[in-house]
Amino acid sequence: MKCRGVRRWKCMIFDIGRKKTVRAFLKDCLPYSIQRRRAAEVYGLYYPDLSTDSGLRGFLQRLGWGCLPFGVVRKLKSLPRDGAEFVLMHAVKGGIFSPRYSFPRKKRRQFLRNRQEGRQLDRPLIERNRDCSILVILHLFYDNAWTVIREYLENLSCYEHVDWIFTYTEGHIGDRTIQKIRSRYPAAKVIGCENRGYDLWPFVHALEQVDLTRYDVVYKLHSKGIGRPEIFIYDQIFKYSDWFFNLFDGVLDGRSVHRAIDMLMNDGIKLTAAENLIVHDPKHKMNLMRKFCADKGLPYRENYSFVAGTCFAARAEMLEPLKKLNLSAEDFAPTVRGVFSEAHAIERWLCFAAGDAVRGIPVPHPTYERELKYRRATSPLRMLEDPRFILDDEFFYHALERHTVAGYEVIRMKLKDIRRRKIDGAICPLSDCEPYHYLCGDEREYRDYCRKNLLVSGYDMSVERFDKLNRSLEDGYDPKRMPVVQGPDHIIRDGQHRCCILLKKYGPEHEIDVLHFW
């Protein structure tokens with residue numbers, strides 16, 4: 001994947017002595033959006049060694065950006081530490097490492113061929129549904145995605161009654177792109193949104209602007225990110241733009257667009273999308289979804305399916321239950337990756353209304369057989385079926401789900417042999433951890449730890465929750481809910497607070513069962 005501005009790295013080499021410090025630079029230049037405010041806060045807590053490849057990669061991953069080009073890595077490693085940091089953050093602020101959305105050459109030819117064939121071979125479908133009323137809601141988070149998405153939107157030009165609503169994340173989309181949208185679709189509504197709830201809050205907000213009874217079909221679309229080199233999810237591998245093209249090919253390709261509208265208008269189908277993206281959740285996500293529905297008082301559907309990526313075409317009446325929830329921006333937390341949020345739950349729940357009236361449209365997707373075989377063999381999902389232990393669903397979602405697990409075992413360990421890796425990378429025993437210090441009377445340090453942990457990982461821990469956990473363990477705890485440690489250093493990944501309580505109560509020689517994986 002090529003990155004925009006790779007050849008321009010020389011222009012970022014400054015005389016650091018005449019510039020502000022890196023943290024002052026962050027404070028002044030990055031606070032205009034929630035994501036970059038969080039980046040500044042994370043950087044203030046996590047001070048990486050940018051002279052190594054792993055340090056650079058780790059820092060970018062924490063900020064949510066893609067990988068660096070090799071030439072830039074080599075140049076940054078040759079700079080002094082302060083210089084490398086300044087150049088990197090200047091580059092991040094400018095967005096020059098953002099991956100570029102574009103059609104591969106073969107994909108472009110096939111796309112144009114499908115458009116021509118669709119208008120010729122699917123002429124009966126077009127004529128039968130020409131008068132249907134269509135609403136398109138598109139959310140833009142990635143600025144340069146517009147050049148590709150607009151090509152897909154042209155496939156709807158065969159239909160006479162199409163209304164458009166474009167939403168965008170404030171601070172992420174340039175004025176030039178917004179101007180292009182307005183000039184291309186002068187009758188469209190263009191709405192700026194706060195960076196909350198991924199693409200779900202903008203979609204809900206857009207639904208508030210319309211009367212769904214005026215429409216037959218609603219398209220929900222968004223600019224799916226393409227920065228991941230590889231992701232294994234729902235027993236499939238997606239590389240870079242694979243997921244993005246699957247989503248749009250499923251409902252807006254030159255052939256699929258007419259089939260999708262015809263199915264919704266004449267076949268009793270309520271929702272359609274790319275066939276490989278209509279999926280069932282694994283056990284831990286079903287548990288999280290069940291808990292969300294119980295907390296909100298919403299009906300839950302067993303063995304549900306939903307559209308992974310949430311780009312679909314649906315009957316307008318299917319979205320009425322979502323609109324009746326009367327959700328507001330405050331119902332969606334600021335976007336933080338790695339947390340099963342309200343947006344993740346809503347994208348599943350809104351598909352409940354379709355019931356079994358869901359049909360997928362086949363799309364081309366590479367199988368990656370060799371990589372798929374390896375990822376299946378090392379998938380942590382197999383741990384969910386082991387009856388010897390019970391894993392916390394939220395922990396599994398944010399810490400294990402997308403990683404590889406070569407092996408695991410249940411072992412007996414002394415508390416003194418369990419280690420913890422702090423935010424700054426230092427490894428320490430449990431007796432040096434903030435939760436243990438809180439049990440010894442240092443509340444201020446623990447509150448500061450909770451604040452930092454929320455910023456870095458998105459996991460919300462508090463004094464009140466810790467006290468509640470402490471009280472619940474007075475009568476013992478389920479031995480199957482054992483702590484989880486990783487690697488040869490036995491770094492604790494889950495159960496730190498429970499271990500600290502046991503350490504305070506029984507001492508460092510106390511032995512417990514732990515789940516060890518590597």
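Every number in this text was worked out from the coordinates using simple rules, so none of it is lab data. Small disclaimer: the values here were computed from a predicted structure and weren't measured. We place every Cβ from the backbone using ideal geometry, glycine too, and count neighbours over all the protein chains shown.
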Calculate the spin-label point distance for LYS291 paired with ARG176, positioning each point 7 Å from the Cα along the beta-carbon direction, and give it in nanometres.
-> 4.6
Roughly how many Å is it from the Cα centre of the range 142-209 to that of the range 228-297, as a whole number?
-> 20
A chain fully extended from LEU469 to ALA188 at 0.36 nm per residue, minus the present Cα-Cα distance, gains in nm 96.0 nm
Provide Rg over Rh for the range 380-421; use the alpha carbon set for both Rg and the Kirkwood Rh (inverse mean inverse pair distance).
-> 0.98
Take the Cα radius of gyration of the range 106-154 and divide it by 2.2 N^0.38 Å, with N its residue count; two decimals is plenty.
-> 1.42
Rg(Cα) of the range 183-292 divided by 2.2 N^0.38 Å?
-> 1.25
Rg [Å, one decimal], Dmax [Å, integer] - the range 355-457, C-alpha atoms | 20.1, 60
Rounded to a whole number of µm²/s, how large is the Stokes-Einstein D of the range 378-517 at 20 °C and 1.002 mPa s, given Rh as the Kirkwood radius over C-alpha pairs?
-> 137
Would you mind checking LYS416/LYS505; LYS283/LYS468; LYS220/LYS270; LYS285/LYS323; LYS422/LYS452; LYS189/LYS270 for any pair whose Cα atoms are more than 19 angstrom apart?
-> LYS283/LYS468; LYS285/LYS323; LYS189/LYS270
Reachable aspartates and glutamates from LYS324, criterion Cα separation under 17 angstrom, eight or more residues apart if same chain | GLU208, ASP211, GLU342, GLU347
In nm, give the distance between the simple-model label positions of ASP448 and ASN326, each being 7 Å from the Cα along the Cα-to-Cβ direction.
-> 4.4
Give me the orientation-averaged projected area of the Cα convex hull of the range 129-361, in nm², one decimal.
-> 11.9
FRET efficiency estimate (nearest 0.05) - Cβ-Cβ, SER157 to THR367, R0 41 angstrom = 0.75
In nm, what is the difference between 0.36 nm times the number of residues separating GLU511 and CYS428 and their Cα-Cα distance?
-> 28.0 nm
